[in-house]
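*Asks:* My questions will all concern the structure given below.
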Amino acid sequence: MVVNFKVFKKVSPNGKLTLYLGKRDFVDHITSVEPIDGVIVVDDDYLKDRKVFGQVVCSFRYGREEDEVMGLNFQKDLYLASEQIYPPPEKREENLTKLQERLMKKLGPNAFPFTFTISPSAPSSVVLQPGIEDNGEPCGVQYYVKTFVGENETDRSHRRSTVALAFRKVQYAPSKQGRQPCTVVRKDFLLSPGELELEVTLDKQLYHHGEKIAVNVCIRNNSNKVVKKIKAMVQQGIDVVLFQNGQYRSAVASLETQEGCPIQPGSSLQKVIYLTPILESNKDRRGIAVDGRLKSEDTNLASSTLLASADHKDAFGIVVSYSVKVKLFLGALGGEVTAELPFILMHPKPGAAKSNLLTVDNQANVEALQEEEPAV
């Protein structure tokens, strides 16, 4: 039984440069990021005395492409890594991965490996969902591996000899649950005796995409007010770090109920409300944060952003968070009582079955998935 590697392939417009990547998702472990490894194949007759360079580009779009008039540009390209791939530097150490070894063996002497490392403080792949009528690239953070033929790393490369393949920088859920979220809010009223108590508890801190969130609500009414309605919602918090006032929230799941109401003075109520935050319920809403998508792939609501510390926010990133908010409505004169609990929403770490390594019956092979998206 031999290992078969599935790889992603893209060819430059002039057909002289071919880029191979073993996967499109590279995991951010908070303290480090998986190395971005691959292989390029060059046309020997075309190169002659030319050089080939490789770069990792983080593209941050913070404004709509259709609004770029009078010379305005709402996109920043950050070069997180750059090196010469061909001719290979003399002092470079060759620590090849199994994928690189297999590709170089199959593709011949014109195949050259590359490995890039990027900082864990670099932003995660997150984009903001455009409106139905919006055109152009969505706002958000996207990554590319870019290889080109040129004289030096800062050479303005020719599009025909440039190839760029998109990938994502992703985070997966921690293996352990944190402390169970719970909060108690008490409110007293001017010129009224007693207080109203709202206790909200979640069944756990960490949820995976598509899971139901069980919100346990306990209301003890020791005031002379009447609770007329209960509303629970999941809010997605978005912090566009570049802007001082770039924080806003959107409700991605909500439920309003009068079951068990009105809650009269001296009464109490305990109930569980179930909420499921999913993208299908928010398909047409502009500004919702979603995980960066690759061509022809579905996506989901953006995962929570895990930071080593609050000070490690990249200036060109988008930080995503989630919380459950419960409101009690007491009528026009009574006002509202609100409680809020943060939680984490992420994908679980993929198991061994989702690895890039597949098995075949007889001989080793490399299956190339041709990528047709335009070069950048």
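The values are calculated or read from the model by the stated rules, or taken from the named source; none is laboratory data. Everything numeric in this text was worked out from a predicted model, so none of it was measured. Using ideal geometry, Cβ is built from the backbone for each residue, glycine included, and neighbour counts are taken over all protein chains shown. Just the protein is used for accessible areas: all its heavy atoms, side chains included, with ligands, DNA and RNA removed. Shrake-Rupley method; radii C 1.70, N 1.55, O 1.52, S 1.80 Å.
*Asks:* Where in the range 228-298 are the strands (runs of 3 or more DSSP E), entirely inside, with at least 3 residues that are within 25 Å of residue 134 (Cβ to Cβ), open to solvent by 30 Å² or more (accessible area, probe 1.4 Å) and touching a strand residue (DSSP E or B) at 6+ places or on another chain (Cβ under 7 Å)?
*Replies:* By residue number, 247-257.
*Asks:* Say we look at the range 74-98 and pick out the residues that are among the acidic types (Asp, Glu) and open to solvent by 50 Å² or more (accessible area, probe 1.4 Å); which of these is modelled with the highest pLDDT?
*Replies:* Filtering first and then ranking leaves 77.
*Asks:* Among 184, 217, 149, 200, which is of a type in the set (A, V, I, L, M), more than 21 Å from residue 269 (Cα to Cα) and either assigned to a strand (DSSP E or B) or open to solvent by 50 Å² or more (accessible area, probe 1.4 Å) (or both)?
*Replies:* Within the list 184, 217, 149, 200, the selection yields 149.
*Asks:* Which residue pairs have Cβ atoms closer than 8 Å, lie 6 or more positions apart in sequence or on different chains, and pair a first residue in the range 14-30 that is part of a loop (DSSP other than H, G, I, E, B) with a second residue that is of a type in the set (Phe, Trp, Tyr) and open to solvent by 30 Å² or more (accessible area, probe 1.4 Å)?
*Replies:* Hits for this filter: 14/46; 16/46; 22/8; 23/8; 24/8.
*Asks:* For the range 1-40, how many residues meet the condition of being open to solvent by 30 Å² or more (accessible area, probe 1.4 Å) and in contact with a helix residue (DSSP H, G or I) (Cβ under 6 Å, 6 or more places away or on another chain)?
*Replies:* Selection size over the range 1-40: 3.
*Asks:* Does the range 149-195 hold any residues that are polar (S, T, N, Q), farther than 30 Å from residue 220 by Cα and out of contact with any strand residue (DSSP E or B) (no Cβ under 8 Å at 6 or more places or on another chain), and which are they?
*Replies:* 154, 175
*Asks:* Assuming residue 173 fulfils every condition listed in (1) surrounded by fewer than 17 Cβ atoms within 10 Å (Cβ to Cβ); (2) of a type in the set (A, V, I, L, M, F, W, C); (3) in a loop (DSSP other than H, G, I, E, B); (4) touching a residue at least 40 places away in the same chain (Cβ under 8 Å) apart from one, which condition is it?
*Replies:* In the conditions (1) surrounded by fewer than 17 Cβ atoms within 10 Å (Cβ to Cβ); (2) of a type in the set (A, V, I, L, M, F, W, C); (3) in a loop (DSSP other than H, G, I, E, B); (4) touching a residue at least 40 places away in the same chain (Cβ under 8 Å), residue 173 misses (1) alone.
*Asks:* So which of 316, 329 ends up being in contact with a Leu (Cβ under 8 Å, 6 or more places away or on another chain), open to solvent by 30 Å² or more (accessible area, probe 1.4 Å) and in contact (Cβ under 8 Å) with a residue 24 or more places away in the chain?
*Replies:* 316
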